[in-house]
Amino acid sequence: MAHGIHELVERQVRFWRVQGASPRAAPPNPCIALSRLPHSGAAMIGRELAERLGYGYFGIEIVEQIAREQGVARRLVEGLDEHVRNVIERYAVDALRGRAVTEVEYLSSLVRVIATLGERGGAVILGRGASFILPPSQALRVFLVAPREVRAARFARARERPEGEVLRLLEAEDADRLAFLRHHFGRDPNDPVLYDLSLNTGNFSRAEAVEMIIEGLVRRFPGCAAAASRSASTSVGRAAHTE
């Protein structure tokens, strides 16, 4: 895991370096922050989104590990100017207000990691409050849901557990998610108003969900690289059709 995290961070740093190497003629690359009900298919959707967009994928475990490994976290912020560093520090301070001393180190590092990804862009971030940490100007905030029976069936297939046990485990996961986000961020994570897009994955395939999220990104951020890429591919398609 640690070796993979180092590779992921280095790849992300190279991506940012390439984006900043020109006089900023390329459009910005806003992040996608995915919130989800457990077993709504978010991890697979997130990975496919990252692959389609050329973004880095930062799942829950990856963000947690980076937050706990100070050397890796510091690598993410290298090269940031003082103004951006100060903005990130303000995010961390705001998130820590009223928190217990025992939470400060972990939560401040978590917020700094996610805020850094938001400031620099080009990342799909799953969970850990990313939708509440990043401002609307930096990320498309997506809430992935599915009916309880659909999530339970997916859970059962993945874990090969009996239905009764799966329902109890799913209920516990739902409760843990609510407790984490309410405790650390003081929000109701199931409130759809907190997101730009809510999507029921019980009604759409993974490919359809990915397409709708990319379309949402393009419409929410008309000047982003994905919008430019899609516009270019559409123009090529039209030209080929008319020839």
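The values are calculated or read from the model by the stated rules, or taken from the named source; none is laboratory data. Everything numeric in this text was worked out from a predicted model, so none of it was measured. Neighbour counts are summed over all protein chains in view; Cβ atoms, including those assigned to glycine, are modelled from backbone coordinates with ideal geometry.
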Review point. In the stretch 128-143, is there at least one residue being in a helix (DSSP H, G or I), basic (Lys, Arg), at pLDDT 85 or above and closer than 20 Å to residue 64 by Cα?
Key: no
Study note, to complete from the structure: Within the stretch 24-49, residues over 21 Å from residue 135 (Cβ atoms) and part of a helix (DSSP H, G or I) come out as 42, 43, 44, 45, 47, 48
Check your understanding: How many of the residues making up the stretch 151-198 are touching a Pro at 6+ places or on another chain (Cβ under 7 Å) and among the hydroxyl-bearing types (Ser, Thr, Tyr)?
Key -> 1
Check your understanding: In the stretch 1-48, how many residues are of a type in the set (A, V, I, L, M, F, W, C), modelled with pLDDT of 75 or more and over 26 Å from residue 69 (Cα atoms)?
Key -> 2
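Each row is one residue, and each column tells you yes or no for (1) outside any helix (DSSP H, G or I); (2) basic (Lys, Arg); (3) crowded, with 17+ Cβ neighbours inside 10 Å; (4) without any contact (Cβ under 8 Å) to a residue 60 or more places away in the chain.
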position: 157; (1), (2), (3), (4): no, yes, no, yes
position: 166; (1), (2), (3), (4): no, no, yes, yes
position: 172; (1), (2), (3), (4): no, no, no, yes
position: 181; (1), (2), (3), (4): no, no, yes, yes
position: 184; (1), (2), (3), (4): no, no, yes, no
Revision key, fill the gap. In the stretch 151-181, residues that are charged (D, E, K, R) and under 14 Å from residue 131 (Cβ atoms) total 1
Check your understanding: Out of curiosity, is residue 226 in a helix (DSSP H, G or I), closer than 22 Å to residue 120 by Cα and at pLDDT below 90?
Key -> yes
Check your understanding: Assuming residue 101 fulfils every condition listed in (1) at pLDDT 90 or above; (2) farther than 18 Å from residue 35 by Cβ; (3) among the aliphatic types (A, V, I, L, M) apart from one, which condition is it?
Key -> (1)
Check your understanding: Mind checking which residues of the stretch 130-147 are more than 15 Å from residue 42 (Cα to Cα) and either among the aliphatic types (A, V, I, L, M) or surrounded by 15 or more Cβ atoms within 10 Å (Cβ to Cβ) (or both)?
Key -> 132, 133, 134, 138, 139
